[in-house]
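Chemist: Sharing a structure, written as structure tokens. Questions coming.
The values are calculated or read from the model by the stated rules, or taken from the named source; none is laboratory data. Note that the structure is predicted; figures quoted are calculated from it, not measured. Every residue, glycine among them, receives a Cβ derived from its backbone with ideal geometry; neighbour counts consider all protein chains shown. The area values use the complete protein model at the heavy-atom level, side chains included, leaving out ligands, DNA and RNA. Shrake-Rupley method; radii C 1.70, N 1.55, O 1.52, S 1.80 Å.
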Amino acid sequence: LGNYINLPCYGELSTLPSRFFLSKEQKEVRLEDALKLITRIKHQVIQDTIPQLPPAPPVIVPLPIAGGAKAAKEKEKPRKAPHPPCILTILKGVPHGARDVAAFALARHYLDQLYTPEEVFALLNVWDKKNDPPISDPKLLETKVKSAAKGYAFGCASVKGEPLLEHACIGIENCEWLARAIKERKKKGLIRELSYYENNNLIYEEIISGDKASFVAFNKKSREYNFVSEIQEAEVTIKPIYTKEVTEGAVTFPTGVEEYGDTLTLISDLCDHIHKYVDMEMLNREFCAWYIIGTWVYDRLNTLAYLRFTGDTGCGKSRSLDIIGRLAYKPMMLSGAVTPAPIYRLVRNFRGTLVMEEADFRDTTEKGEVVIILNCGFERGRPVIRCSKDNPDVLEVLPCYGPKIFATRFRFDDAALEARCLSFTMEETDRDDIPPILGSKYYEEAVHLRNKLLLWRLHNLDTVNPDSIESIDIGKIEPRLKQIGISYAVPFKDYPEVLAGFKKFMRDYNQYIIGVRSDTEAGKVIQSIFKLAKQYGIDMISPKLIAEDLKNDNVDIDPRTIGKHLSSFGITRINRRTEGSRARYIQWNNKVMQKLLRRYMGEFERKEYEGLLIAPKLDLNI
């Protein structure tokens, strides 16, 4: 069994066969003549012949040529069982009531092992003799083989799911054959572990109920959902992720789905939940609620803002991170001591929201790479690419795109990362109704909200159109802030009142960013330039004069450092002799100066210095 016998008539009869029938005299027999001599042997004749066959000779395993400990170890190594323990138990024979389901399970298993249907039928006939009593019906066994060949695959449910066969299962955790089979299938890419999967008709999202992981399957057309333990796509089996990251609480999933009413009702529920545990102004609560909503459809957007809570110790930034971060889409909880490797792993495996406590990074190589991840992760299509440590010729493409929420005491030193954040400064609360410790009631409420958010995602994921960004007007703000702000506004673009409040928030935040920037060393250089230009004229400013002016304000910067700042601003200098001495003076360029005034000066200061800018003027009312 298990070997093909290719007879001379194998294939098309019109083709010339490569092998021939031979007579007992070893002479060639024409195909047409041989076919006339072939007769069918009755099944009963075969059955009567089997008992007369001599016993199979014992298999002789040759001793290894080389001796020693290695050879002895190989000799003692147990042979791997050809079938799982449950199948070996069934092959010993089953009683009357279990014969049908056992035959079907055996057929499914043999077909999975790449036996042909004919071979499976023969094996079932041999097995049937051991049953009590035998089925003794070849047509019934043939039907079982045909049914099993219709795409069914053997699995633990084939035995464990059948009450008459479950006694044959030794337990999934004890089945070495199953563990070996799963390992082989994973190696071949036939088993994948994902927390989200989507095809043309269905959206699958992982849920965790108790200690069991499964999927909720949402039909895009019928808008109905059901629950499945795994996904079968052709030969590939997709299973939910149930690793230590999940069991230890590093990544949180919904437990199911719950009705939420409509979008505004859900936003109201989120705001009430935030207000119950965090002291935050109403407008800020609403924006945080919309940010939560946005994380649940972020995979339909191309750019993202980061949410950040800043403040001193004891001001509620960690509480804000817990309350808001744990309601985001698949929150991945990390501390500031994290290294780049686990960030890459979490983002690649779960594609959720990175929630980072104590994210005050310092300028070290390791933290520098974390900052690179965060800088690249605000926009789709910006993975970090590195050479594999094991093989430098192999490139590793490491994804980092996704929403991120931080809690920090200070602003980021990195200007690019700072520009990607929407920040809320937390202050010490004087409310008495905020629980000092999050108890079981909070966790129950969070579970219900996550379940509502999951159903909202399933209902709205396909309605989010990133191309609609072009129609959203959030006012005149800096280009980078507008880039991240517009994506943030996509979920509530159809709610005018919310959008109007968001515009005001973004204008105020734009002024905050300018204020933060003006306090930097570069900002102080720009302020000095405009101050000196108004005092001495636009043609009389030199790095030396700027350094002297800043020194009067207790800012110690040498002329060489100022020169580097001027070059980075795009400000050119020219050598010129004035009053008997030669110096390098700023070459005033209205276009450059207009941009610097807009980036480093607040609205009031811009009005004070805009008279220095000769036409053509840009719109400074931003």
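Chemist: Determine how large the accessible area of Thr310 is when every protein chain is in place; take a 1.4 Å probe and give Å² rounded to the nearest 10.
Modeler: 10
Chemist: Exactly which GluC sites (Glu not before Pro) in the stretch 204-261 are in a DSSP loop and have at most 11 other Cβ atoms within 10 Å?
Modeler: When the GluC sites (Glu not before Pro) of the stretch 204-261 are filtered for loop state and at most 11 Cβ neighbours within 10 Å, Glu224, Glu235, Glu248, Glu259 remain.
Chemist: Residue by residue through the stretch 39-54, which ³J(HN,Hα) values in whole Hz follow from phi under the Karplus form 6.51 cos²θ - 1.76 cosθ + 1.60 (θ = phi - 60°), with glycine and proline marked x?
Modeler: Karplus values, whole Hz, x for Gly and Pro: 10, 7, 8, 5, 4, 5, 4, 5, 4, 6, 7, 3, x, 7, 5, x.
Chemist: Residue by residue, what Karplus-based ³J(HN,Hα) values in Hz, rounded to whole numbers, does the stretch 167-183 have, using 6.51, -1.76 and 1.60 with θ = phi - 60° and x for Gly and Pro?
Modeler: Working through the residues one at a time gives 5, 7, 7, 8, x, 4, 5, 9, 8, 5, 4, 5, 4, 5, 5, 5, 4 Hz.
Chemist: Simple spin-label model, 7 Å along Cα-to-Cβ: Lys551 to Leu283 in nm?
Modeler: A separation of 4.4 nm, rounded to one decimal place.
Chemist: Using a 1.4 angstrom probe on the protein heavy atoms only, could you order Phe530, Phe604, Phe20 from most to least accessible area?
Modeler: Sorted descending by solvent-accessible area, the residues read Phe604, Phe20, Phe530.
Chemist: Hey, what's the Cα Rg ratio for the stretch 404-550 versus the globular rule of thumb, 2.2 N^0.38 Å?
Modeler: So the stretch 404-550 has a normalised radius of gyration of 1.50.
Chemist: How big is the chain along each principal axis, measuring the range of its Cα positions in Å and listing the largest first?
Modeler: If we take the Cα atoms of the chain, the spans are 125, 61, 57 Å.
Chemist: Using a simple spin-label model with points 7 Å from Cα along the Cα→Cβ vector, what separation in nm is obtained for Asn201 and Ile434?
Modeler: Rounded to a tenth, the inter-label distance reads 5.0 nm.
Chemist: Taking the Cα atoms only, what angle lies between the long axis of helix 99-112 and the longest principal axis of the chain, rounded to 10 degrees?
Modeler: Relative to the chain, helix 99-112 is tipped by roughly 60 degrees.
Chemist: Give me the distance between the Cα centres of the stretch 152-197 and the stretch 211-258, rounded to whole Å.
Modeler: The distance from the Cα centre of the stretch 152-197 to that of the stretch 211-258 comes to 17 Å.
Chemist: With the Cα gyration tensor of the stretch 326-476 in hand, give its eigenvalues times 5 under a square root as the equivalent ellipsoid semi-axes, listed largest first in whole angstrom.
Modeler: 29, 22, 19
Chemist: Give me the one-decimal Kirkwood hydrodynamic radius in Å for the stretch 74-196, with the sum taken over alpha-carbon pairs. Show your work: numbers first, answer last.
Modeler: Details: mean 1/r = 0.0647 Å⁻¹.
Its Kirkwood hydrodynamic radius stands at 15.5 Å.
Chemist: Report, in whole Å, the centroid distance computed from the Cα atoms of the stretch 527-597 and the stretch 77-148.
Modeler: A separation of 90 Å, based on Cα centres.
Chemist: Specify the angular offset, from 0 to 90 degrees and rounded to the nearest 10, of the alpha carbon long axis of helix 590-600 from the longest principal axis of the alpha carbons in the chain.
Modeler: That helix lies at roughly 70 degrees to the long axis.
Chemist: So, with a 1.4 angstrom probe, what is the percent of accessible area on the chain that is carbon and sulfur?
Modeler: Within the chain, the accessible surface is 53 percent carbon and sulfur.
Chemist: To the nearest Å, what is the center-to-center distance of the stretch 18-37 and the stretch 392-460, using C-alpha atoms only?
Modeler: 80
Chemist: Would you please state which residues of the stretch 532-552 a label at Thr561 would reach in this model, taking the label point 7 Å out along Cα→Cβ and a backbone N cut-off of under 19 Å?
Modeler: The answer is 542-552, whose backbone nitrogens lie closer than 19 Å to the label point.
Chemist: Expressed as a rounded percentage, what relative contact order does the chain have, with Cα pairs under 8 Å and six or more residues apart?
Modeler: 9
Chemist: Oh, and also: Taking the simple approach of a point 7 Å from Cα along Cα-to-Cβ for both Thr247 and Thr313, what is their distance in nm?
Modeler: Spacing of the two 7 Å Cα→Cβ label points: 3.6 nm.
Chemist: Do any of Lys160/Lys389; Lys92/Lys150; Lys186/Lys441; Lys493/Lys534; Lys389/Lys564 go past 32 Å between their Cα atoms, and which?
Modeler: Lys160/Lys389; Lys186/Lys441; Lys493/Lys534; Lys389/Lys564
Chemist: For the chain, what is the accessible area per residue in Å² when the probe is 1.4 Å?
Modeler: So the chain comes to 57 Å² accessible per residue, rounded to a whole number.
Chemist: Here's something else I'd like to know. Counting only other residues whose beta carbon sits under 14 Å from that of Arg99, what net charge do I get with K and R as +1, D and E as -1?
Modeler: Working: positive: Lys92, Lys129, Lys130, Lys144; negative: Asp100, Asp128, Asp132, Asp137, Glu162.
It works out to a net charge of -1.
Chemist: Hey, got a sec? Which GluC sites (Glu not before Pro) in the stretch 492-580 land in a DSSP loop and have at most 13 other Cβ atoms within 10 Å? The partial results should precede the final answer.
Modeler: Numbers: sites: Glu497, Glu521, Glu548, Glu579; in loops: Glu579.
Filter output for the stretch 492-580: Glu579.
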